[in-house]
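Below you'll find the structure, written out as structure tokens, and then a few comments.
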Amino acid sequence: MTADSTPALVQNADVDTDGPAPAGPSGARGPRARNTKAYLRYVAAKIGGALVSLFAVLVTSFFLFRLLPNDPVKQMTGGRRMSAEQLQSLRHQFGLDQPLWKQFTSYVGDALTGDFGISYQFHTPVIDKIVEALPATLLLTGTAYVLYTALGIWLGTRTAWRNGSMSDRFNTAFALTLYSVPSFWLGLLLIIVFSVGVGPVPGLFPTGGMESGGESGLGYVVDVAHHLVLPVITLVAVGYAQTLLVMRSSLLDEMGSDYLTTARAKGLRDDAVRRRHAVPNAMLPTFTLMFVNLGHVVAGQILVETVFSWPGLGGLFYQALSVPDLPLVQALFFVFATAVILANTLADVLYPLLDPRVGR
């Protein structure tokens, strides 16, 4: 092996054993300090990119929803006959009579301080409505996230390790089918079968909502869990399929590697080779997917929450969009996008700690 083919970690180790490198004008003290500076520059670049993306989302959220054809003032009046003076008074009250540039500068200035205005239809601060609906979304999507991530990684590992077997073909085909099914269609199908009832199958679960009302204590917990079953199954069915396919593909790429052959030659059992060597390296693409999905935990699932009448951020966004309630729609769009951007940035920051080749 030539000197040029020596792994970087070995070269760094050789330098460290020779003693500390003399501090230069930059103040660096050997490869470890240089690696730390490179990582900090990498993190700073990712954070800077995230800030630019957040500002772009802020601008987009303002102009995008003003392209909707509906007049918010007329929608709020419910079609009642009103004079031009009354309509103009409402537009002045909500600031819709101001020039577009002035509305934009006011929106950006207020949003940077956390003030997204007053909801047109609820007549309460937008941030209060978001805080009120957030726990329901976290309960639904958080529960589903934990279940489909664990199930997808476990089944993806088993199917890849038994590549070509009957279970591998069945699980892969089933996952591909579920991954291609629209989540709202699957939710409607579950409601028809398990809520309304079909043939000998009785209606076992509620058709929608988060609670029946009138319950407290343990009865309330059971009631919420009862309402949670079908929407969670809907999200898990689609989410686990995606995780399984990514995990399976990553592990198949690792299975032909030389280090696994070396591990087997040392006498390690096949289960130990998979658990201690193959799976940790195959987890890197799945790790990225986990953080992308983590952003959607806060962003919610608009279609699924709407189908099941779940009182979370997704259902609130649908209600706001039907008016359109511009302050609420803009704020929710910004919250959804921010959650995804922050989750992706966190994944980018942590990725070099798992794979040193990233960020060099």
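The values are calculated or read from the model by the stated rules, or taken from the named source; none is laboratory data. In this text, all values refer to a predicted model and were calculated from it rather than measured experimentally. Virtual Cβ from ideal backbone geometry, glycine too; neighbours counted across all protein chains shown. For accessibility, only protein heavy atoms count, side chains too; no ligands or nucleic acids. Shrake-Rupley method; radii C 1.70, N 1.55, O 1.52, S 1.80 Å.
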>> I'm trying to understand the selection: among the residues of segment 283-303, which are of a type in the set (Gly, Ala, Ser) and surrounded by fewer than 24 Cβ atoms within 10 Å (Cβ to Cβ)?
In response: GLY295, ALA299
> Any idea which of (1) open to solvent by 20 Å² or more (accessible area, probe 1.4 Å); (2) part of a helix (DSSP H, G or I) is the one GLY267 doesn't satisfy?
Replying inline: (2)
>> Going by what's in this entry, would LEU186 be described as within 20 Å of PRO135 (Cβ to Cβ), aliphatic (A, V, I, L, M) and either open to solvent by 80 Å² or more (accessible area, probe 1.4 Å) or at pLDDT 85 or above (or both)?
In response: no
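Here's the yes/no breakdown for (1) at pLDDT below 85; (2) loosely packed, with under 14 Cβ neighbours inside 10 Å; (3) in a loop (DSSP other than H, G, I, E, B):
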position	(1), (2), (3)
ALA33	yes, no, no
THR36	yes, yes, no
LYS46	no, no, no
ALA50	no, no, no
SER53	no, no, no
ALA56	no, yes, no
LEU64	yes, yes, no
PRO69	yes, yes, yes
> Would you call VAL131 assigned to a helix (DSSP H, G or I), free of Cβ contacts under 8 Å to residues at least 12 places away in the same chain and over 26 Å from the mean Cα position of the chain (by Cα)?
Replying inline: no
> Can you name every residue in segment 180-208 that is in contact (Cβ under 8 Å) with a residue 12 or more places away in the chain, touching a Phe, Trp or Tyr at 6+ places or on another chain (Cβ under 9 Å) and not β-branched (Val, Ile, Thr)?
Replying inline: GLY187, LEU190, PHE194, SER195, PHE205, PRO206, GLY208
> Can you tell me how many residues in segment 92-112 are open to solvent by 70 Å² or more (accessible area, probe 1.4 Å) and modelled with pLDDT of 80 or more?
Replying inline: 1
> So is LEU188 over 23 Å from PHE308 (Cβ atoms), hydrophobic (A, V, I, L, M, F, W, C) and not in a loop (DSSP other than H, G, I, E, B) or not?
Replying inline: no
> If you scan segment 151-182, which residues turn out to be under 22 Å from the mean Cα position of the chain (by Cα), open to solvent by 20 Å² or more (accessible area, probe 1.4 Å) and closer than 21 Å to HIS277 by Cβ?
Replying inline: ILE153, TRP154, LEU155
>> With the structure loaded, tell me whether ASP223 is more than 20 Å from the chain's Cα centre (by Cα), more than 15 Å from SER309 (Cα to Cα), surrounded by fewer than 16 Cβ atoms within 10 Å (Cβ to Cβ) and modelled with pLDDT under 90 or whether it fails that test.
In response: no
> Do you know which of the residues in segment 304-335 that are open to solvent by 50 Å² or more (accessible area, probe 1.4 Å) and modelled with pLDDT under 85 is farthest from LEU346 (Cα to Cα)?
Replying inline: SER322
> Has segment 226-239 got at least one residue that is open to solvent by less than 60 Å² (accessible area, probe 1.4 Å) and outside any helix (DSSP H, G or I)?
Replying inline: no
> If you check ALA144 against the conditions, is it buried (at least 20 other Cβ atoms within 10 Å of the Cβ), touching a helix residue (DSSP H, G or I) at 6+ places or on another chain (Cβ under 9 Å) and closer than 30 Å to ASP253 by Cβ?
Replying inline: yes
> Is it fair to say PRO280 is part of a helix (DSSP H, G or I), over 21 Å from TRP185 (Cα atoms) and either among the aromatic types (Phe, Trp, Tyr) or open to solvent by 50 Å² or more (accessible area, probe 1.4 Å) (or both)?
Replying inline: yes
